[in-house]
Amino acid sequence: MHKYRWKSLLSYLILFSTAGAATTFAQGPIPDSPAIEQRVDEMVAKLTLEQKIRLIGGEDSLFIRAEPAVGFPRIKMSDGPIGVRGWGPITSFTAGIGMAATWDPELAQRVGAAIGRDAHSRGVHIVLGPGVNIYRAPMAGRNFEYYGEDPFLSSRLVVGYIKGMQSQNVIATVKHFAANNQEYDRHNVSSDLDERTLREIYLPAFEAAVKEGGVGAVMDSYNLINGQHATQNSHLNNDILKKDWGFKGILMSDWWSTYDGVAAANGGLDIEMPDPNFMNAKVLIPAVKEGKVPESVIDDKIRRIFRTAIRFGFIDHDQQDYSLPTYSQENRPVALEEARESIVMLKNEHATLPLEMSKVKTIAVLGPDAWPAVTGGGGSSQVTPYSAPSLMTGLSDYFAGKAKVLYSRGVPPMDEMLSKTNFMLPEKIAAAELPAAQGHGVMVEQFDNADFSGTPVSTRFVDRVDTILNPENAQFPTPKGVRYSTQFRPAKDGIYMFLATAGGGGAYNLYVDGKQQIQQISREGIEPLWVELPLKANQTVAVRLDYMPNGPNLQAGLAIRSLDELVTVEARKIAALADVIIVDAGFDGTTECEGYDRTYALPWGQDELIEAALAINPKTIVVLTGGGDVDTHRWIEKTPALLHQWYSGQEGTTALADILSGVRSPEGRLPITFPHSWEENPTHDSYYAPVVPTGATPHVRYSEGVFVGYRSFVTTGKKPLFPFGYGLTYTTFAFSNLKVEPGVTNGHASAQVSFDLTNTGKVASADVAQVYVGDPSAKIERPRIELKNFKKVRLSPGQKQHVTLSLDERSFSYWSESANQWNWDPGKFVIAVGDSSENTPLTTEIELKK
Ligand code: BGC
């Protein structure tokens, strides 16, 4: 054995001499120490500059290179944060937004530990999660991976998750640092925000991950922050993360998010993933020789890699742990509990829920999400479970012998929409080119430019606008523009849906009778877009789709269908037969996905499906699947019961069935504000970057500042549809007896908040007691109240609990730009206690003096 191994093993055995052999390893990282630093020094001293540089660029997608000269093993990574991805099927947990809806940091810790065990069972050293980017707007394509709109809630959960995972000697990677709050154009967009907004809203969860969670790795984001890419943003990486917060672990890039080797090396990046395209010997050796990058800067990166690897035991132990089962029975109940605690009941009129099973014999399950199972959103977080019942199969099993489940998708699949649209060629073209086709079809012209100028490089005729895999690609380079020209003649009067789609982030414009009806901007989304237009029987409309592909894979589609033919006949029949209808509406991995944004509206056809179900049987329960709030305005008033299940992993359907049947009371609480409309969101006017010329940087200006989500609603007094922190149960709770004991010790403010919480109903359940703080006498404008502590309290009927929650100095502070530090102004503070940002029945004022 290498001599360093002996040394480290010795200190390890001294530290953990009581642990048994099989479990010795899962004790969490050992603290940094002079002995570790000395060992690191000795390892670094053995390496040439070339060897060091080799270590700061990844390999084979998910590895840090080995360095045999110092006994450093190849380090294996896996994606997170919802489970271990990329090394075969595995336990699939609730998405981050669902974890946030549990408001349960202790559960987050158990989930972190479970994913850590799964990582060990696959020999994974580093899990690429959790993600803690703040929910600014519902469209951001990765909201579902993150913990919602509040920095305090996110901080508590991320600390739990990291502690759990790292207790298993698996490194957690908190990502994406920072202000990665939109997915559109993610490599190019700059998030522009002031230092106060950054520190108060977008950084606290990262700060807590580092300072309290002791996270081993941080991942820089794709985007720019105030005009500088994250991977070379020295202010973020060096000044804040490493100096201010004292982070001593590894800072890696997101995959292909490094853009300049020298700037990244000096800007604080420690490892370029997944390949050394910029931080490589060719770039850095001359840069070091010319003094552009001090060798000490490279050494610091190596020191971080070695130090962290030693602390987690990677140099002294094999990470593959065969004492753990491949299919973990220990993790399944954790996944189930997380799913149960995450589901939020948003509406429950006329005691629709729980279902009265003696009266329910037939359940109609409708919706594209009801089968097959939708366990998560799309992209790098998506994991494959060994098994996961869909809503339809899971409810059928759960209610077997009591009620039967009838299922229909409800709306046709996209393929059918595309293939069943009957297009007609413009008369002139039909006559000249295709007399045999009797006028049916579409003319396709391919252009070598994106503004469709000049003569097309090719023209051909097809039956429909469907995925076209460029048939002429042997002869022509990928076209920059593809124009589909056709006509549509409706058989009857009615409202018609024009449904357009393009893969891979392509752009398109749809024109009907020369008028633009849909615009999809390049790299903004992949979900089909649609418009609903009134048409008259036999009156032909001209239809043109101008498609600008974003790469070599051509994929575009267009369908037109009368709205009254959208919801299937079968779905209507089933709905009419049922005692109760459950519509599983929302998104999935193809419509809500990393790399793109989603729509605010539910995917096409789903509003119509919900409306049709409600019209047939008002006892319709809507279950939402997705990463956040959606447009509900067409059906919310009429819907008696609404549940949000987020993406609830492999155990989600069982959890939902427990809630539908009343075996469990729902306990989830919104980690976001759910407004009536997108217009009500404070980022409505600033979410999309103004369009800039090709090649220029689009800038998103966070003009709402710290007034994100509920912070805006509580300050303006506008009421959202469902507030932050809100969620119904099958019981009722009462808050009473508030006492607040303020204290200032050596200039440091704090307070103890105590109150009673009573379950006044007839069913056991949990409430989330939330403590908000307001600062009416602050010298700067602050949100009227902000969440500063909370506790999930589970109570049996009639049970009362005395709850005490403390507030620390940060609870009263804001980021002072002039002092460049946290600051609190002496004076009055409001303490408001309740169970949502809009329901704080206990309120008092305290005075804090410096
Ligand atoms: C994602 C990261 C992920 C990485 C590795 C990137 O595209 O943004 O979150 O960890 O890929 O798969």
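Suppose every K and R has +1 on its Cβ and every D and E has -1 on its Cβ; what is the size of the dipole of the range 2-311 about the Cα centre, in Debye to the nearest 20? Intermediate values should be presented prior to the final figure.
Working: 34 positive and 35 negative charges, 232 e Å.
Around 1120 debye, computed over the range 2-311.
Share of the chain's accessible area from carbon and sulfur, percent, 1.4 Å? Please report the intermediate quantities before stating the final value.
On the way: 16070 of 30790 Å².
In the chain, the share of accessible area belonging to carbon and sulfur is 52 percent.
Taking all pairs of distinct Cα atoms, average 1/r, flip it, and tell me the Kirkwood hydrodynamic radius of the range 2-311 in Å to one decimal place.
Evaluated over the range 2-311, this radius sits at 19.5 Å.
Which entries in the list LYS46/LYS211; LYS46/LYS175; LYS361/LYS619; LYS248/LYS850 go over 22 Å, if you measure between the two C-alpha atoms of each? Could the numbers behind the result be given before it?
Working: LYS46/LYS211 31 Å; LYS46/LYS175 32 Å; LYS361/LYS619 14 Å; LYS248/LYS850 34 Å.
In this structure, LYS46/LYS211; LYS46/LYS175; LYS248/LYS850 lie more than 22 Å apart at Cα.
When only DSSP loop residues count, what GluC sites (Glu not before Pro) in the range 148-220 have their Cβ near at most 15 other Cβ atoms within 10 Å? Write out the running numbers ahead of the final one.
Values: sites: GLU149, GLU183, GLU195, GLU200, GLU207, GLU212; in loops: GLU149, GLU183, GLU212.
Sites meeting the loop and neighbour criteria: GLU212.
Which of the GluC sites (Glu not before Pro) found in the range 221-302 are loop residues per DSSP with 15 or fewer other Cβ atoms within 10 Å of their Cβ? Provide the component values of the computation, followed by the final result.
On the way: sites: GLU272, GLU290, GLU295; in loops: GLU290.
Sites meeting the loop and neighbour criteria: GLU290.
Please give the length that would be gained between VAL569 and ALA69 if that part of the chain were fully extended, namely 0.36 nm times their separation in residues minus their C-alpha to C-alpha distance (nm, one decimal).
173.0 nm
Assuming R0 = 56 Å, what is the FRET efficiency of LYS779 and ASP448, from their Cβ-Cβ distance, to the nearest 0.05?
On the way: r = 60 Å, r/R0 = 1.07.
So, using R0 = 56 Å, E works out to roughly 0.40.
Give me the net charge for the shell around ASP260: Cβ to Cβ below 14 angstrom, other residues only, Lys and Arg +1, Asp and Glu -1. Spell out each step's value before the answer.
On the way: positive: LYS282, LYS292; negative: ASP220, GLU272.
Net charge around ASP260: 0.
In the range 512-582, which trypsin sites (Lys or Arg not before Pro) are in a loop and have at most 12 other Cβ atoms within 10 Å, using DSSP for the loop call? Write down the numbers at each step before the final one.
Values: sites: LYS515, ARG523, LYS536, ARG544, ARG561, ARG572, LYS573; in loops: ARG523, LYS536.
Answer in residue order: LYS536.
Please tell me which of these pairs span more than 20 angstrom C-alpha to C-alpha: LYS788/LYS828; LYS718/LYS792; LYS347/LYS638; LYS420/LYS492; LYS492/LYS638? If you can, show how the numbers build up before the last one.
Numbers: LYS788/LYS828 16 Å; LYS718/LYS792 27 Å; LYS347/LYS638 11 Å; LYS420/LYS492 16 Å; LYS492/LYS638 29 Å.
Table pairs above 20 Å Cα-Cα are LYS718/LYS792; LYS492/LYS638.
Send over a whole-number figure in Å² for the accessible area per residue of the range 58-185, probe 1.4 Å.
On the way: 1990 Å² over 128 residues.
It amounts to 16 Å² per residue over the range 58-185.
List the residues whose amide H sits under 5 Å from the amide H of GLY506, counting only those 5 or more places along or on another chain, with H placed 1.01 Å from N in the peptide plane.
ARG523, ASN550
Provide the gained length on full extension for the span VAL691 to TYR600, in nm with one decimal, where the gain is 0.36 nm per separating residue minus the Cα-Cα distance.
Numbers: separation 91, 0.36 × 91 = 32.76 nm, distance 2.02 nm.
Length gained, VAL691 through TYR600: 30.7 nm.
With r defined as the distance between the Cβ atoms of GLN519 and ALA764 and R0 fixed at 51 Å, what FRET efficiency is calculated, to the nearest 0.05?
Details: r = 52 Å, r/R0 = 1.01.
Between GLN519 and ALA764 the formula returns 0.50.
Could you list which residues have their amide H under 5 Å from that of THR362, counting only those 5 or more apart in sequence or on another chain, with H placed in the peptide plane?
Answer set, sorted by chain and number: LYS404, ASP579, VAL580.
At 1.4 Å probe size, with every protein chain present, just tell me what the per residue accessible area of the range 283-322 comes to in Å². Mind dumping the intermediate values first?
Working: 1590 Å² over 40 residues.
Per residue, the range 283-322 has 40 Å² of solvent-accessible surface.
For the range 654-813, what does the accessible surface come to per residue with a 1.4 Å probe? Please give it in Å².
Values: 6450 Å² over 160 residues.
Using a 1.4 Å probe on heavy atoms only, each residue of the range 654-813 averages 40 Å².
Any idea which of SER661, ILE225, PRO31 is furthest toward the positive side of the dipole for the chain, if Lys and Arg beta-carbons carry +1 and Asp and Glu beta-carbons -1?
Going by the Cα projections, it comes out as PRO31.
Please list, by residue number, everything in the range 42-86 whose backbone N is under 18 Å from a paramagnetic label point 7 Å out along Cα→Cβ of GLU295.
Hits in the range 42-86 for GLU295 at 18 Å: 42-56, 70.
I need the calculated FRET efficiency for the pair TRP256 and GLU356, taking r as the beta carbon distance and R₀ as 51 Å, to the nearest 0.05. It would help to have the intermediate numbers written out before the result.
Numbers: r = 54 Å, r/R0 = 1.07.
Rounded to the nearest 0.05, the efficiency is 0.40.
Compute the signed sum of charges (Lys and Arg +1, Asp and Glu -1) over the other residues within less than 12 Å, Cβ to Cβ, of GLU651.
Numbers: positive: ARG332, ARG340; negative: GLU337, GLU338, GLU341, ASP658.
Combined, the nearby Lys, Arg, Asp and Glu give -2.
The values are calculated or read from the model by the stated rules, or taken from the named source; none is laboratory data. As the structure is a prediction and not an experimental result, all values here were calculated from the model. Methodologically, a virtual Cβ is constructed for each residue, glycine included, from the backbone with ideal geometry; neighbour enumeration extends over all protein chains shown. Just the protein is used for accessible areas: all its heavy atoms, side chains included, with ligands, DNA and RNA removed. Shrake-Rupley method; radii C 1.70, N 1.55, O 1.52, S 1.80 Å.
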